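Below: the structure, in structure tokens.
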């Protein structure tokens, strides 16, 4: 029996702990200004600290406008986006794309090599086949999966003269695993250019905090307990001018015949990854890197995932396995505070 379940984890994926900032006005006569919107298929929240509410709201509006521009350029589900045009023209002709799209595609190609193929922006045929979170979500047959796997070869993607061509007519591009992180980075850029010196952007758990909080307390970010429908924080980390992004098997999924199938598809098997990891959190200077690596490490597994992260400059990670063990990269040693005694920090 098929039992569809849809879970929207927005700001609960990684919780910003702001207990001391509930008042509208903080020290130094800086005002807290909040904005929110449904963008990129998730709940977006922006908070800034500034001298006036009008200045804050104007900056937030600009940031959300920038996010919407990226969505309208890179979404695979909206009509007339660059990605939609590339997919429609697969096997036919190259498509001239926006500089934003070109940057993200090139970043995706670069990361496909870095992550040993676990991150692949041409995974669209498999993503569509499973349809997780969509009306047609189902467990495909082995034959369907094997057929779709024939059309996820990133070497069939050609980028030349600001144009993009998918050579394989049955291959589909999907930037869902990288565009949200890019949108976070761009939103932060807009806020800073608008004169905002402190705040955060949170797009469905892809978070970036920047500047000093007016009350001089640290930015503490809580990592959600990786359990379905949980809203409990199991650990926290202190960040400064950094991004934090998490991926887990509890975020989006469906059940069929009492088996749960989550949304993180392993290109090598064509099935949801099953390597013993339940959550990966990446801390980095750019959210686009965290977006990619949180997915890749989940698929690679504990040992290979840690090895990958240790070899990348400016990237740290926290991995939770299905036995409630918590592993960190060397740069995060003594920086993760466990708040739930059912989880054990191993290294």
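Taking square-rooted eigenvalues a ≥ b ≥ c of the alpha carbon gyration tensor, is region 27-88 rounded, prolate or oblate, where a/c under 1.5 means rounded and, failing that, a/b exceeding b/c means prolate? Prolate, because a/c is 1.5 or more and a/b exceeds b/c.
From the Cα gyration tensor of the chain, with a ≥ b ≥ c the square roots of its eigenvalues, which class applies: rounded if a/c is under 1.5, or else prolate if a/b is larger than b/c, or else oblate?
Working: a/c = 1.80, a/b = 1.27, b/c = 1.41.
Oblate shape, in that a/c is at least 1.5 and b/c is the bigger or equal ratio.
Here the spin labels are modelled as points 7 Å beyond Cα on the Cα-Cβ line, and at residue 78 and residue 310 they lie 4.2 nm apart. Note on residue 322 and residue 335: the model spin-label points, each 7 Å out from Cα along the C-beta direction, lie 3.0 nm apart. Rounded to the nearest 10 degrees, the angle from helix 287-300 to the longest Cα principal axis of the chain is 50 degrees.
Taking 266, 206, 34 as the candidate residues, the one with maximal mean-square fluctuation in a Gaussian network model of the chain, Cα springs under 10 Å, is 34. A Cα-only calculation for region 48-149 places Rg and Dmax at 18.2, 60 Å.
Helix 179-193 and the long axis of the chain differ in direction by around 30°, with both axes built from C-alpha atoms. Helix content alone sets the calculated 222 nm mean residue ellipticity of the chain: runs of n ≥ 4 DSSP H residues at -39500 (n - 2.57) each, divided across all residues, give -9000 deg cm²/dmol.
Compute the FRET efficiency between residue 65 and residue 106 as 1/(1 + (r/R0)^6), taking r as their Cβ-Cβ distance and R0 = 35 Å, and round to the nearest 0.05. Given R0 = 35 Å and the Cβ-Cβ separation, E is 0.90. Treating r as the C-beta distance of residue 88 and residue 113 and R0 as 25 Å, the FRET efficiency rounds to 0.40. Taking the Cα centre of each part, how many Å lie between region 71-131 and region 251-295? Region 71-131 and region 251-295 have Cα centres separated by 19 Å. If a/c stays under 1.5 just call it rounded; otherwise compare a/b with b/c (prolate if a/b is bigger, oblate if not). Do that for region 117-252, with a ≥ b ≥ c from the square roots of the Cα gyration tensor eigenvalues. Oblate is the answer for region 117-252, as a/c is 1.5 or above yet b/c matches or exceeds a/b. On the principal axes of its alpha-carbon atoms, region 266-347 has extents of 35, 29, 19 Å, going from largest to smallest.
All of the numbers you see were taken from the coordinates with simple rules; none came from a lab. This is a predicted model, so every value here is computed, not measured. Using ideal geometry, Cβ is built from the backbone for each residue, glycine included, and neighbour counts are taken over all protein chains shown.
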